[in-house]
1. If the label for B:GLU83 sits 7 angstrom from Cα along the Cα-to-Cβ line, what are its distances to the same label in every other copy, in nm to one decimal, shortest first?
2. Can you find, among A:ILE316, A:HIS134, A:ALA150, the residue farthest towards the positive end of the dipole of chain A? Put +1 on the C-beta of Lys and Arg, -1 on that of Asp and Glu.
3. Which residue, A:CYS200, A:CYS187, A:CYS145, tops the fluctuation ranking in a GNM of chain A built on C-alpha contacts under 10 Å?
4. With only Lys, Arg, Asp and Glu charged, each at its Cβ (+1 for the first two, -1 for the last two), find how big the charge dipole of chain B is about the Cα centre; round to the nearest 20 debye.
5. Hey, what's region A:236-339 come to in accessible area per residue, 1.4 Å probe, Å²?
6. Which of the residues in region A:325-350 lose at least 20 Å² of accessible area when you go from the chain alone to all protein chains together (probe 1.4 Å)?
7. Probe radius 1.4 Å, ligands and nucleic acids ignored: give me the carbon and sulfur share of the accessible area of the protein assembly as shown as a rounded percent.
8. Counting Lys and Arg as +1 and Asp and Glu as -1, each charge on the Cβ, what is the dipole of region B:253-349 about the Cα centre in debye, to the nearest 20?
There are 2 protein chains.
Amino acid sequence: MSLIFETPARAGAVLEIDLDAIVRNWRLLARRAAPAACAAVVKADAYGLGAAKVAPALAKAGCRFFFVATLDEGILLRPLLAEPVEIAVLNGPLPGSAEEFAAHRLLPVLNDPGQIEDWARIASCEAAPPALLHLDTGMARLGLCEPEFASFLEGGRGGNAILWRGFMSHLACAEDPRHPQNALQRCRFLDGLRRFGAVCTGSDASRDSLASLAASSGIFLGRDYHFDLVRPGAALYGVNPQPQHPNPMRQAVRLRGKIVQVREVDRGQAVGYGAAHLMAHQGRLATVAVGYADGWPRSMSPRGLAKIGGKRVPLIGRVSMDLTIFDVSAIDPALVRPGAFVDLLDEEYGVDQAAADAGTIGYEILTALGRRYHRVYHGEAS
Amino acid sequence: MSLIFETPARAGAVLEIDLDAIVRNWRLLARRAAPAACAAVVKADAYGLGAAKVAPALAKAGCRFFFVATLDEGILLRPLLAEPVEIAVLNGPLPGSAEEFAAHRLLPVLNDPGQIEDWARIASCEAAPPALLHLDTGMARLGLCEPEFASFLEGGRGGNAILWRGFMSHLACAEDPRHPQNALQRCRFLDGLRRFGAVCTGSDASRDSLASLAASSGIFLGRDYHFDLVRPGAALYGVNPQPQHPNPMRQAVRLRGKIVQVREVDRGQAVGYGAAHLMAHQGRLATVAVGYADGWPRSMSPRGLAKIGGKRVPLIGRVSMDLTIFDVSAIDPALVRPGAFVDLLDEEYGVDQAAADAGTIGYEILTALGRRYHRVYHGEAS
């Protein structure tokens, strides 16, 4: 099915994506991180917003380094970003896929001894791109653990054959600046970087190796966490990198759902599946063409809301697959008619606020944004 | 981005969709509902499984009536289903879109006076398809409420011009056979049907009008709920229509995620974001290339599981965007290596079981199934 629809009359919902806001967010983070370079993480289709639109817009703004999660994502993005722009793949080469990295000029992040070994086998080919080494410093998810790293440094895994573009790790608790894990991971990273540098970047070829630790929230832990390259993702798309402070990022999406039907209801009327909501008063309901199949989470029930003319209307009953019901009793009836829009995400009620109502995080609200939305891109770069 | 990938070596996860299972489920439901006819609900891209594959397979098996939610979905499906197969659009025509229904030979479900009025304007054209009328009997979501229905029957909204193909309503509590709402809705439906028949189906043209009340669970409420046409959706795709009984439906999907990395960890090791999990024992972890951006809900943390060689392994830490971590300490290390698969959904741990672990319903597990999965269709119809 096509991802982008273009006929608004039949649109049940419109997702507007503001490429200028994403570019502004990237510039803010880049200034904050300077003199470190600022990459952009565009994995998961740019957190659901469309990597094919977002990445070229950021490249035009000066971004020279992109991260995706999977080889598939890298292959789709490569033709859209002319070299020397670099694209690194965080999950690294799955067994049997190293050659495809080389063929598509994608930089692998090497996470374990097997990936290093696979890469060493093709690293001597002239066409092989350089690689990044990932040291796990406390996340236990991807990256070499300490004994593997020690063994790697002893040269037992073919590491010498590899041209290194970077040395990286990933913070587990960066959004909480008081968490002791941050300093611990930084300390391990520094130690690893020193040992890596001594063994691997002596040659001319690897002297451009970049040290990279911070993602979005890590940038706000201060200069000590920036090293050579920062890798923001979520903050580009409007997620607050410091939940305990006001959000410095612009919202990148606006979501509006179309009213399908408006009805008057009596007190005591059961609403939605399971008759889970009973009207406590006589009133008016609007049924909107957005449901959990569009990524508007079922866990929004019954805390979510929408806005009509700037005024909040509560979500009632259960979110269903294609529809959600709002109590619009307090709204001027002239504003509430089939075909009119309600606001589901805007600058004030953004992805973090929606996430709080759904019991999740802004990242998941973004990546779940649905395929049935009519997508409209705004901004110079669109 | 392409929805279907074909290169398994780089696949981080493989979603297998069993079209034969879906066809078997449809036949089981059709037998159960006979002599009522059995439609198929393929909205939300056939609950995430691919309407372009599922609908033709069901048409080949004899299904003659399909329901989608939106006009966009109907337009995509129409070229794949040769007439006389009928496609009805549950949300009905949004303002300004009635002509497109006619142009694409899609039957609108008319839910409110405005939709009836819009349709009446084009109903006299020779090319206009017939319509279904939706009476709300207790859901307060879509469909005419009682006063609107009464006014419609008085002919105030142009209803006489419309050729009727059906009269329908939707049950709110059908999965709980003891819920009093079921009998109440059926009673209102019967009353509405009698009044509708007296006014609207007297003419030859509308004598083939079908009465339809039951979706998946409604079929299991018994013969009294079947009327002329039943409309199963979820049960086709493996959701149990009677949660209090063993599931009579086959699972239609199998999901396998690929291991990216395996690591040994010490007691006390922090795992994943927020260092939310601390290892209570020395052990072994496997990081799998499936995350919430693939629709594997973050709310799976920390109850979810996977299987390796038929043995369950617990999900630990938080599901992250592209990755999930499992404790594989109890598994033969020979089975746990990068590139090997873990089972996330299978016949035994199906969509309902996964939903229970994620705090949602099987429907949402299905519709969230991700775009990064390499999709493989099985079955004669594929």
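The values are calculated or read from the model by the stated rules, or taken from the named source; none is laboratory data. Note that the coordinates shown come from a computational prediction; the quantities given were computed from them, not determined experimentally. Ideal geometry is used to build each Cβ from the backbone, glycine not excepted, and the neighbour counts take in all protein chains shown. Side chains included, ligands, DNA and RNA excluded: accessible areas come from the protein's heavy atoms. Shrake-Rupley method; radii C 1.70, N 1.55, O 1.52, S 1.80 Å.
1. 5.5
2. A:ILE316
3. Maximum fluctuation in the GNM of chain A, among the listed residues, is at A:CYS187.
4. On the way: 40 positive and 40 negative charges, 202 e Å.
With Lys and Arg at +1 and Asp and Glu at -1, about 960 debye.
5. Numbers: 3830 Å² over 104 residues.
Heavy-atom accessible area per residue stands at 37 Å².
6. Flagged in region A:325-350: A:ILE325, A:PRO338.
7. Working: 14310 of 27530 Å².
Within the protein assembly as shown, the accessible surface is 52 percent carbon and sulfur.
8. 80
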